[in-house]
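Report on the following structure.
The values are calculated or read from the model by the stated rules, or taken from the named source; none is laboratory data. If you're wondering where the values come from, they're calculated on a predicted model, not measured in any experiment. Virtual Cβ from ideal backbone geometry, glycine too; neighbours counted across all protein chains shown.
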Amino acid sequence: MRAIVLPMVALLVGMAPPVGAVQVEASAREKLLRLGPMPPVPLDPTNRWSGNDAAADLGQRLFYDANLSRNGSVSCATCHAVQSGFADSRRLARGIGDGTRHTQSLINAAYQRWLTWDGRSDSLWSQALHPFQNDKEMGLTPREVVQRVGETPALRRRYEAVFGRLPAPDDAAGVQTAFVKLGKAIGAFERRIVSGPSPFDRWLDRMRAGDSAPTKEFGADAVRGALLFVGKADCVRCHSGPLLSDGEFHMIGVPEGRGGAPVDRGRLEGIELLQGDPCNAAGAFSDDPTGPRAKVTLATVPDPEAWGRFRTPSLRAASVTPPYMHQGQLDTLAEVVHFYNTLEGASSLDHHSERVLEPLGLSVQEEADLVAFLRVVTGSTPGDVDVARPRPESTEPLPKSSEISPAGTSQPGISGP
Ligand code: HEC
Ligand code: HEC
């Protein structure tokens, strides 16, 4: 059999490809097919409300409510705005004060195991509790947040329909639990912020069916860029899997915005904060404190090598969320690719003075091809009513609490608190 099949394959490969076509070798094909499509968005076992629609609707209202900040002018959506790909298009974040890091897009964050640039949180719900309390972001105490929710009828009724009675402000333990539940509602909402299929995914579908020719929306430059991504440029070493992120932490040496030696400790600080967080997956507020996520968290201990490392961003929304990197140091995708190609200005030595990256030696055309590829991996962005600002109160009937199952339809069998 072999002797007969091989010459036939050789014959096919030898045939002149159609005009504009790019040959995709078997090894590249195999690497590319691992990059899509996106799997269904996972449930978070540490949040029993993660699949609950009523909780997500409450979370959406909390997300857009600027009254939940010290000066009444900052909501989560101030920095994570739907029209900016759930980021803010600024270099450094600005809430009630000035931040020191660039705002991340929330698109597909529900797929990440570690949240934020330094991975200080191991769930969406525990992450959501930080900006409320951060004095540069929203600047309230848990008690103030719970109190303001209690004073806002639309929020209070929704809260009580999902979670039961809101505690009195002087009930310290009750307030802490209620604050956590607000985080869990936001986590349920953020699970809706996912991107749809992209031109890249549709091209992968065609390739699966045996046709890797460029298409109108995925041109020859994008095909060449895809081949560089998994080949000569080896971006896939870190930007792997359907998210185009390994979810792990690396120091790639982007110089810090203010110049000079880097001072942001990155993942090292993230691990310390994670271990000290009473709301981590192994903590008392987790709905799965002995599960797999908790085990990974407990096993994640401070390590000097983590100094200055940041989480590999997903590239699934990169084309709509400039600027780039943890301090927004680079303005365009072309600048990012040029940085990787030349490592100009890089402080690219990690803690042990090892170079993580080497200059790539790409031609001007190859840089442009990689950029063309990055532009078409972005799926349709979620801009619909599901994730945009909620409709005004009067048009919307509230569900009766008896109709709400604690974990939504997707997690039957897990009971409420
Ligand atoms: C002042 C601007 C600002 C506000 C307000 C803000 N964020 Fe953020 N958000 C950021 C920044 C900056 C980061 C990156 C943080 C870091 O790495 O230190 C971030 C990161 C995140 C992440 C991690 C995304 C990922 O891919 O890991 C999530 C989730 C998130 N924010 C949700 C929220 C929620 C929910 C709220 C409201 C309760 C909120 N943010 C309010 C600026 C803001
Ligand atoms: C060693 C792992 C690694 C490799 C290899 C790598 N990246 Fe990255 N990438 C990262 C990390 C980590 C960051 C965030 C760094 C930071 O903020 O300091 C990043 C950031 C980015 C960003 C910015 C995204 C955003 O939202 O801010 C883009 C775009 C990007 N990389 C594209 C590429 C391309 C294209 C290649 C191949 C030429 C590549 N990367 C190779 C790890 C890697």
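The set of residues in region 76-101 being in contact with a strand residue (DSSP E or B) (Cβ under 8 Å, 6 or more places away or on another chain), near ligand 1 (Cβ under 6 Å from one of its atoms) and touching a residue at least 40 places away in the same chain (Cβ under 8 Å) consists of CYS79 alone. Scanning region 38-68 for residues that are part of a helix (DSSP H, G or I) and of a type in the set (A, V, I, L, M, F, W, C) yields a total of 8.
Taking (1) surrounded by 19 or more Cβ atoms within 10 Å (Cβ to Cβ); (2) of a type outside the set (A, V, I, L, M); (3) part of a loop (DSSP other than H, G, I, E, B) in turn, PHE229 satisfies each apart from (3).
Hey, any hits in region 213-223 for a residue that's in contact with a Ser or Thr (Cβ under 6 Å, 6 or more places away or on another chain) and either assigned by TED's automatic domain parsing to the domain that holds LEU357 or touching a residue at least 24 places away in the same chain (Cβ under 8 Å) (or both)? No, every residue in region 213-223 fails to be in contact with a Ser or Thr (Cβ under 6 Å, 6 or more places away or on another chain) and either assigned by TED's automatic domain parsing to the domain that holds LEU357 or touching a residue at least 24 places away in the same chain (Cβ under 8 Å) (or both). For region 265-317, the candidate set comprises residues that are within 16 Å of ligand 2 (Cβ to nearest atom), assigned to a helix (DSSP H, G or I) and not hydrophobic (A, V, I, L, M, F, W, C); within that set, the residue that is surrounded by the fewest Cβ atoms within 10 Å (Cβ to Cβ) is GLU305. For region 318-332, the candidate set comprises residues that are within 8 Å of ligand 2 (Cβ to nearest atom) and aliphatic (A, V, I, L, M); within that set, the residue that is nearest to GLU344 (Cα to Cα) is LEU330.
Of everything listed in (1) of a type outside the set (S, T, N, Q); (2) more than 15 Å from ligand 1 (Cβ to nearest atom); (3) free of Cβ contacts under 8 Å to residues at least 24 places away in the same chain, the single unmet condition for ALA226 is (3). For region 195-217, taking the residues that are within 22 Å of ASN108 (Cα to Cα) and modelled with pLDDT of 95 or more, the one that is surrounded by the fewest Cβ atoms within 10 Å (Cβ to Cβ) is identified as ASP205. Pairing residues of region 105-129 that are charged (D, E, K, R) with residues that are buried (at least 23 other Cβ atoms within 10 Å of the Cβ) and in a loop (DSSP other than H, G, I, E, B), at Cβ distances under 6 Å and at least 6 apart in sequence or on separate chains, gives ASP122/ASN280; ASP122/ALA281.
When ALA220 is tested against (1) of a type outside the set (Asp, Glu); (2) in contact with a Pro (Cβ under 7 Å, 6 or more places away or on another chain); (3) buried (at least 19 other Cβ atoms within 10 Å of the Cβ), exactly one condition is not met: (3).
Residue check: is THR46 within 16 Å of ligand 2 (Cβ to nearest atom), of a type in the set (S, T, N, Q), under 26 Å from GLY266 (Cβ atoms) and touching a residue at least 24 places away in the same chain (Cβ under 8 Å)? Against the criterion (within 16 Å of ligand 2 (Cβ to nearest atom), of a type in the set (S, T, N, Q), under 26 Å from GLY266 (Cβ atoms) and touching a residue at least 24 places away in the same chain (Cβ under 8 Å)), THR46 does not qualify. When the criteria are applied in full, SER84 meets the requirement of being surrounded by fewer than 21 Cβ atoms within 10 Å (Cβ to Cβ), assigned by TED's automatic domain parsing to the domain that holds SER105 and within 22 Å of GLN112 (Cβ to Cβ). Among the candidates PHE189, PHE163, the residue that is more than 11 Å from ligand 1 (Cβ to nearest atom), buried (at least 18 other Cβ atoms within 10 Å of the Cβ), modelled with pLDDT of 95 or more and not assigned by TED's automatic domain parsing to the domain that holds THR312 is uniquely PHE163. Could you list, in sequence order, the residues of region 109-128 that are over 21 Å from ASP264 (Cα atoms), surrounded by fewer than 23 Cβ atoms within 10 Å (Cβ to Cβ) and more than 6 Å from ligand 1 (Cβ to nearest atom)? Residues satisfying the conditions are ALA110, TYR111, ARG113. Would region 52-75 turn up any residue that is farther than 17 Å from VAL194 by Cβ, touching a helix residue (DSSP H, G or I) at 6+ places or on another chain (Cβ under 7 Å) and near ligand 1 (Cβ under 6 Å from one of its atoms)? There is at least one residue in region 52-75 that is farther than 17 Å from VAL194 by Cβ, touching a helix residue (DSSP H, G or I) at 6+ places or on another chain (Cβ under 7 Å) and near ligand 1 (Cβ under 6 Å from one of its atoms).
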